[in-house]
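First up is the structure itself, then whatever we jot down about it.
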Amino acid sequence: MLMRKYSSSAPKWRYYDQGLNVEAYGHSMVIKPLGFRVFKFDIDSELCKCPLCGYNFNELTCGFWDAIFRYSGYISGNPISLITIMVQLENK
Ligand SMILES: [Zn+2]
């Protein structure tokens, strides 16, 4: 897990908010805040729209801010082993 520092000079398409924030690099490194919700990668992609122009992007990764979250996924090459982690963040 990577921890990034807040930047007060970030452009508007790179703002984040509490909860889940999905990110892609194909469209100007955009971040879309999605709040507190269930999000399934490659299934809920229609929610990933650039906050500035509405362009729909395919999510590549995600981040969390001021949230407790549970993240589940499979190890690459092993579709049988489901891994779930739960993390509490307090990065105010
Ligand atoms: Zn845009």
Discussion item. Taking the criterion of being free of Cβ contacts under 8 Å to residues at least 24 places away in the same chain, away from the ligand (no atom under 16 Å from the Cβ) and touching a Leu at 6+ places or on another chain (Cβ under 7 Å), would at least one residue in the range 12-22 satisfy it?
Written reply: no
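With 52, 82 as the choices, which residue is over 24 Å from residue 4 (Cα atoms) and either modelled with pLDDT under 90 or within 16 Å of the ligand (Cβ to nearest atom) (or both)? Please lay out each step first, then the result.
Working: 52 fails: over 24 Å from residue 4 (Cα atoms).
Only one candidate passes the filter, namely 82.
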Worksheet item: Does residue 58 satisfy the condition of being within 14 Å of the ligand (Cβ to nearest atom) and over 18 Å from residue 89 (Cβ atoms)?
Response: yes
Worksheet entry | In the range 57-70, the residues that are surrounded by 13 or more Cβ atoms within 10 Å (Cβ to Cβ) and part of a strand (DSSP E or B) | 62, 63, 64, 65, 69
Practice prompt. Go through (1) surrounded by fewer than 13 Cβ atoms within 10 Å (Cβ to Cβ); (2) more than 13 Å from the chain's Cα centre (by Cα) one by one and return the number of the condition residue 51 breaks.
Written response: (1)
Practice prompt. Pairs only if they're at least six apart or on different chains, beta carbon under 9 angstrom, first in the range 36-53 and of a type in the set (Val, Ile, Thr), second assigned to a loop (DSSP other than H, G, I, E, B) and within 15 Å of the ligand (Cβ to nearest atom); list them, first residue then second.
Written response: none
Practice prompt. Would you check if there is a residue in the range 29-40 being within 16 Å of the ligand (Cβ to nearest atom) and part of a loop (DSSP other than H, G, I, E, B)?
Written response: yes
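The values are calculated or read from the model by the stated rules, or taken from the named source; none is laboratory data. Bear in mind the structure is a predicted one, so any value in this text is a computation, not a measurement. All Cβ positions, even for glycine, are placed from backbone atoms using ideal geometry, and neighbour counts span all protein chains on display.
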